[in-house]
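Below is one structure; the comments refer to it alone.
The values are calculated or read from the model by the stated rules, or taken from the named source; none is laboratory data. Computed from a prediction, not measured in an experiment: that's the story for all the values here. Neighbour counts run over all protein chains shown; Cβ positions are idealised from the backbone, glycine included.
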Amino acid sequence: PPKMTSGSGSLLRTPETHVALFPSAGMGHLTPFLRLAALLLARNHCPPLKLTLITTHPTVSLAESSLISRFLSAFPDRVTQMDFHLLPLDPSTVNSTDPFWLKFEAIRRSAHLLTPLLSSLSPPPSALIYDVSLMAPVLPVIQSLPYHLPAYILFTSSARMFSLFASYHNLVASALTPANINNPTIQFGDVLEIPGIFPPIPRSSVSPLLLIRNSLFSNIFLEDGPKLKNLNGVLINTFEGLEAEALHALNGGKVTFNDGFGLPPVFPVGPFVPCEFEKLQGDDDRDQLRNWLDDQHDGSVVYVSFGSRTALSGDQIREVGDGLVKSGFRFLWVVKEKLVDREEEEEEGNLVIGHEIMEKLKGRGLVVKSWVEQGEILGHRAVGGFVSHCGWNSVVEAAWHGVRVLAWPQHGDQKINAEVVDRCGLGVWAKTWPWGGGENDKLVVNGEEIGDKIKELMQSEALRVQAARIEQEAKKTAGVGGCREKMLKRLIDEWKKN
Ligand code: UDP
Ligand code: UDP
């Protein structure tokens, strides 16, 4: 029960509602958590919320540690940071070399150590919102606490991807037959049918790691899906204007489990948008970028970025450069050669792009190798198109700013997100282009084709109009009295009861 604390004089103050947030590794996970935190802190409800942010050190990328400090300085009074110490992880026990996945796994395996940390919080939180990648291992911790703690996950991708996450164990169970049980790949049909999810998800859109039995990724999905029913809710950075059908299917009881249980309520709390605290102060590169954009015509620039953790191969990077030249459009291109920014900073120059292409690119656009403020770029009037890997945060940011997208998914959930982009009309998806992983890494899309697609994107009036329509929906959802506010209020009212 909440404690009554006495304020100045003899007046009793209403107790604060205290919420604990526990994000996982990578900007694609941290950013939406901190944007959610800012939304919760910004609401004018009485009494104001108090947040505890649970962090792990060291972060995988420099971008993460820098963002955490900026967030904490922005809310010095209402956020408490708690450092969660991880058990060392022996990388040889994990079937992946991706540093972000190793960190996810280290946090998963240390989850039981959360018990003393959560037990020590005062006042006890009224809710815990934690990252989807920690879904199952945190549940026993919650049950072992000396107080009742409602649990929510923040699902850091699309509602469409969530439908796969929630149904994966059922789909695998149906795909296994006595004849194929020893086969290392899971024999899904050409499409994965999930009730209410239309169009069904093609097998070719599913990450290769989810098609192999016993991969780290597949095992996590198998373990987590059946336990979703133990949660009080699932928060997703999405909104009706992007994913009305999937949201109705998920909340309308259509997606159910074999054991008859439905899903916990899904709260579309998006769109999450770039916040004030994310801004890099006094950054020369940023000023230079802005000045350059200021000199360009409205809607004339194509922005190219594959997110915070996807490095294209050297060959592919050269072809993208060639494609940008061939498109004839002005561009702002963020080139990433390494998965983790720490390694990137140790390298000098534009070696991968090569001198010849750099010469051709000169005067037509900007090539950037550092972290950029994507929100500011997408919001600039000069930017008219976005070549994107379709990390979910990027998709929602494009929708928020009404910038049309050329979807070029690379990994994981990105093809499924590209389907959302394609279906709602925010952009086009170059379906035949290969995505990353294994042998595919050797396949390269040539510059000619890339240039043509960019032209198609930038010249399409229909896409421009539809993207503007989606932006209007996003602004309405996020406005005063809009759906996002209603969702957040519903959650906070639930938490207040604790
Ligand atoms: N981002 C940014 N500047 C960069 C690279 C990425 O601001 O130079 C932000 C981007 O706006 C988004 C997040 O980092 O909010 C990346 O998340 P997303 O889901 O798009 O892709 P991921 O990086 O996880 O693949
Ligand atoms: N990967 C990447 N960027 C991403 C996601 C994955 O570079 O945003 C790489 C990473 O090395 C990973 C491999 O792709 O080990 C295969 O991952 P997959 O896309 O199948 O799953 P994910 O790691 O995205 O969940």
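Values computed for the structure shown
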{"quantity": "Selection count, region 70-98, where residues are within 16 Å of ligand 1 (Cβ to nearest atom) and at pLDDT 90 or above", "calculated": "2"}
{"quantity": "Test for His401: is it touching a Leu at 6+ places or on another chain (Cβ under 8 Å), farther than 11 Å from Val334 by Cβ and not basic (Lys, Arg)", "calculated": "yes"}
{"quantity": "Hits in region 312-339 (condition: more than 16 Å from ligand 1 (Cβ to nearest atom), within 21 Å of Val383 (Cβ to Cβ) and surrounded by fewer than 20 Cβ atoms within 10 Å (Cβ to Cβ))", "calculated": "Val325, Lys326, Gly328"}
{"quantity": "Region 380-406 - residue that is of a type outside the set (Lys, Arg) and farther than 16 Å from Ile470 by Cα and, of those, farthest from ligand 2 (Cβ to nearest atom)", "calculated": "Ala382"}
{"quantity": "Subset tally (residues that are of a type in the set (D, E, K, R), under 20 Å from Lys431 (Cβ atoms) and not in a loop (DSSP other than H, G, I, E, B)) for region 185-227", "calculated": "1"}
{"quantity": "Among (1) among the polar types (S, T, N, Q); (2) within 24 Å of the chain's Cα centre (by Cα); (3) crowded, with 16+ Cβ neighbours inside 10 Å, the one test that Asn440 misses", "calculated": "(3)"}
{"quantity": "Any pair with Cβ under 8 angstrom, 6 or more apart, that starts in region 89-104 at a residue that is without any contact (Cβ under 8 Å) to a residue 40 or more places away in the chain and ends at one that is near ligand 2 (Cβ under 9 Å from one of its atoms)", "calculated": "Pro91/Thr97; Leu102/Ser96"}
{"quantity": "Residue under evaluation Val269, criteria (1) hydrophobic (A, V, I, L, M, F, W, C); (2) touching a Lys or Arg at 6+ places or on another chain (Cβ under 8 Å); (3) under 18 Å from Arg330 (Cα atoms), criterion not met", "calculated": "(3)"}
{"quantity": "Leading residue by the ranking (surrounded by the fewest Cβ atoms within 10 Å (Cβ to Cβ)) among those in region 278-311 that are basic (Lys, Arg) and assigned to a loop (DSSP other than H, G, I, E, B)", "calculated": "Lys279"}
{"quantity": "Selected residue (criterion: farthest from ligand 2 (Cβ to nearest atom)) from residues of region 197-226 that are modelled with pLDDT of 90 or more and over 17 Å from Lys415 (Cβ atoms)", "calculated": "Pro226"}
{"quantity": "Matching residues, region 370-427, being near ligand 1 (Cβ under 8 Å from one of its atoms), of a type in the set (D, E, K, R) and more than 30 Å from Leu216 (Cβ to Cβ)", "calculated": "Glu373"}
{"quantity": "Residues of region 110-122 that turn out to be surrounded by fewer than 17 Cβ atoms within 10 Å (Cβ to Cβ) and in a helix (DSSP H, G or I), as a count", "calculated": "5"}
